[in-house]
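The values are calculated or read from the model by the stated rules, or taken from the named source; none is laboratory data. Here the structure is a predicted model, which means the values were calculated and not measured. Glycine also receives a Cβ, built like all others from the backbone with ideal geometry; neighbour counts cover every protein chain displayed. Just the protein is used for accessible areas: all its heavy atoms, side chains included, with ligands, DNA and RNA removed. Shrake-Rupley method; radii C 1.70, N 1.55, O 1.52, S 1.80 Å.
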Amino acid sequence: MLVLLAFIIIFHITSAALLFIATIDNAWWVGEGFFADVWKVCFNSSNCTEIGDNYANYSTMQAVQATMILSTILCCIAFLIFLLQLFRLKQGERFVLTSIIQLMSCLCVMIAASIYTDQREELHKENLGLYGQTSAGSYGYSFILAWVAFAFTFISGLMYLILRKRK
């Protein structure tokens, strides 16, 4: 049981780390001479522009930002609740609250990555054109990490739902 508990804790911490990296790092969309994420667009690794009110489709980017932040916060809260429930629950009870919060984190990261996937071309086309760039590029590793974090939080949420506290 101790090995299973250690695996679950490591899996949850890995999920949180993936969410932090995907939310913070600047590599959601990369192309020749530029890279972009949900916070800023950088050209030649030195000329960075914050995404603000002057950014086309700013409200869409705010939705992606908000749901990524919310998913990270929910994942951290789920871990703290798991640790509290670990010592408070009676034997045989399930970690239902932890599972619900972790699945909500999973839903938030899925929403953020889905919105970005659907609106990516519209999000960057006009803004990159202002700097003489095209939106031609590919998804960066932060975007891929967001989808991996989705899978990890989903699996983690299901593990908590199935897990029963044993000796």
- Could you calculate the contour length gain from Thr49 to Leu83, that is, 0.36 nm times the residue separation minus the distance between their Cα atoms, to one decimal place in nm? 8.2 nm
- Message: Which order do you get for Met104, Met110 if you rank them by accessible area with a 1.4 Å probe, largest at the top?
- Response: Met104, Met110
- Message: Please compute the per residue accessible area over region 1-79 with all protein chains in place, 1.4 Å probe, rounded to a whole number of Å².
- Response: 47 Å²
- Message: What does the extension gain come out to for Glu93 and Ile162, with contour length at 0.36 nm per residue minus their alpha carbon separation?
- Response: 23.8 nm
- Item | Contact order relative to length of region 1-43, as percent, for alpha carbon pairs under 8 angstrom and 6 or more apart | 21 percent
- For Leu2 paired with Tyr141, estimate the spin-label separation in nm (one decimal), with each label point 7 Å from Cα along the Cα-to-Cβ line. 3.5 nm
- Give, in nm to one decimal, the length gained when the segment between Glu32 and Asn57 is fully stretched (0.36 nm per residue of separation minus the Cα-Cα distance). 6.7 nm
- Item | Rule-of-thumb Rg ratio for region 15-98 [Cα; 2.2 N^0.38 Å; N residues] | 1.54
- Spatial separation of Cα centroids for region 26-47 and region 79-122, in angstrom: 29 Å
